[in-house]
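For reference, the structure discussed in these notes is given below.
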Amino acid sequence: MYFDIKPKTKREDLFGVDYALRSLIGYLSDNTTRMIVIKGLRRMGKTSLLNVALNESKVDSVKIDVRESPYYDKKEFLRFLVSKIKQKTGESLVHKIVKKISGFAVGYKDLSATILLSKGENLALFFDNFNKQLAKKKKKFILAFDEVQLLKQIGFDFVLASIFDNYSHIKLLLTGSEIGLLDKFLGKKIYKAPLFGRGYFEIGLKRIKEEEATRFLEEGFKQIKKKIGIEEIKEVIENFDGIIGWITHYGWLRSKAISHEKAIEKVKEEGKELSKRELGDFLKARRAKSKYMKILKYLAHGNNSWSMLKYSFEKEGIKVTDSQLSLYLKELIDYSFIEKANCKYAISDPMMLKAAREQD
């Protein structure tokens, strides 16, 4: 069903990504492809595309939602990763590898990863032995990381570079919604970055166009055996700017017998609060919280060029140097809160725009 708000797992529940899905499954099946990246702003359907492709490809895989993992600690994350591989491949294979590395068998459920990571070199030995086991069986294995850019802080890009370079039977499938950070993680234009120069195929997900949004709503309403009027469709498109996650949420609410007006308002309120939480997480570690918030407020009120933003700060008597303003804008772009096109800046998500407009 199109209006299911959970990440999709079946092809028939996806909308408008047939080409992207075919391409992704093709890359996963191709023995020469080592790394694939799915890129797009928040709520564009990356996780759904990832799930369906993994389900339909005939390659064994492990998917890690980095947000739900101990991504703040390298050793803990690696233990978590090994435990996930163990769940997929079975205890016996991982224990066989650990025995080879450590010289003795492991009889306790959670000790294999602990012993494996007790010495740094054991991690390389694990992947080396895992790769050899895959080679013996003439199989590939996919390691998929959803929101992989979060692993930059623990240096996991070095681990992925090592896997890419040395273990040809392991494929990497990465997604990210914080576009600037993802590009840094991948080493784009950063020649000293661990992943710089590693070839990968990129699949980009963008906002759906007006005609696509119209078709999505019409077909979705047929699935739930309800009707939607042309004026209602126009209002949905106007409010949610082609972001399929918000449009899906609206459709889901309508499937629960909530009126058009209440569904629009509910998505806007819930979206605004979610956007505030995401921005709050970003601002936690930053001293200049109020200045980031001011930039969003100015953008929300149409001050969309660098010079207009600088003037807005000056008008309020707030001291911001040229280099500081450029840094704040770059960080907001890196985390995909704002976008830049033709020397103009804009807030990426209409719900974030709503939150910014309501600042005091």
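Just so you know, all these numbers are worked out from the coordinates, no wet-lab data involved. Not measured: the values here are computed from a predicted model. With ideal geometry, Cβ positions are generated from the backbone for all residues, glycine too; neighbour counts draw on all protein chains shown.
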- Pairwise centroid distance, computed over Cα atoms, of region 1-58 with region 160-239, Å: 9 Å
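As an exercise, take the mean of 1/r over every pair of distinct alpha carbons in region 213-345, invert it, and state the Kirkwood radius in angstroms. Working shown, then result.
Details: mean 1/r = 0.0586 Å⁻¹.
About 17.1 Å, per the Kirkwood formula over Cα pairs.
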- Task: Distance check, please: which entries in K10/K354; K222/K256; K291/K354 exceed 22 angstrom between their Cα atoms?
- Result: K10/K354
- Query: With the contact rule set at Cα under 8 Å and sequence spacing of 6 or more, what percent relative contact order holds for the chain?
  - Reply: 19 percent
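Tell me whether region 210-258 comes out rounded, prolate or oblate; compute the Cα gyration tensor, take square roots of the eigenvalues as a ≥ b ≥ c, and use a/c under 1.5 as the rounded threshold.
Prolate shape, in that a/c is at least 1.5 and a/b is the bigger ratio.
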- Note on the structure: Tilt, helix 74-89 to longest principal axis of the chain (alpha-carbon atoms), in degrees rounded to tens, equals 70 degrees
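Within the chain, what's the longest run with no chymotrypsin sites (Phe, Trp or Tyr not before Pro) in a DSSP loop and at most 12 other beta-carbon atoms within 10 Å? Give the range, please.
192-360
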- If we count other beta carbons within 10 Å of each Cβ, what is the order of S290, S69, S348, fewest first? S290, S69, S348
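Where does region 113-213 land on Rg/Rh, using Cα atoms and the Kirkwood Rh?
Numbers: Rg = 16.2 Å, Rh = 15.4 Å.
Over the Cα atoms of region 113-213, Rg/Rh equals 1.05.
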- Query: What list of whole percents do you get for P(r) of region 279-357, with Cα-Cα distances grouped in 5 Å bins up to the one holding the largest distance?
  - Reply: 3, 15, 31, 29, 18, 5, 0
- Item | Rounded to 10°, Cα long-axis angle of helix 306-315 versus longest principal axis of the chain | 60 degrees
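Answer rounded, prolate or oblate for the chain, using the Cα gyration tensor with square roots of eigenvalues a ≥ b ≥ c: rounded when a/c is under 1.5, else prolate when a/b is larger than b/c, else oblate.
Numbers: a/c = 2.26, a/b = 1.44, b/c = 1.57.
Oblate shape, in that a/c is at least 1.5 and b/c is the bigger or equal ratio.
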- Message: What does DSSP give for the chain in terms of the percent of beta bridges that are antiparallel, rounded to the nearest 5?
- Response: 15 percent
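With a 10 Å Cβ neighbour count serving as the proxy for reagent exposure, in which order, fewest first, do D65, D349, D165 appear?
Working: D65 15, D349 25, D165 11.
Ascending Cβ contact count within 10 Å gives the list D165, D65, D349.
Let's see if you can work this out: charge +1 on each Lys and Arg Cβ, -1 on each Asp and Glu Cβ, no other charges. What is the dipole magnitude of the chain about its Cα centre, in debye to the nearest 20?
On the way: 69 positive and 48 negative charges, 239 e Å.
Roughly 1160 debye for the chain.
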- Message: To test your reading of the geometry: what angle, between 0 and 90 degrees and rounded to tens, separates the Cα axis of helix 322-334 from the longest principal axis of the chain?
- Response: 60 degrees
- Query: Just how large is the dipole of region 210-258 about the Cα centre, in debye to the nearest 20, putting +1 at every Lys and Arg Cβ and -1 at every Asp and Glu Cβ?
  - Reply: 480 debye
- Message: Counting other beta carbons within 10 Å of each residue's own, what order do D334, D157 fall into, fewest first?
- Response: D334, D157
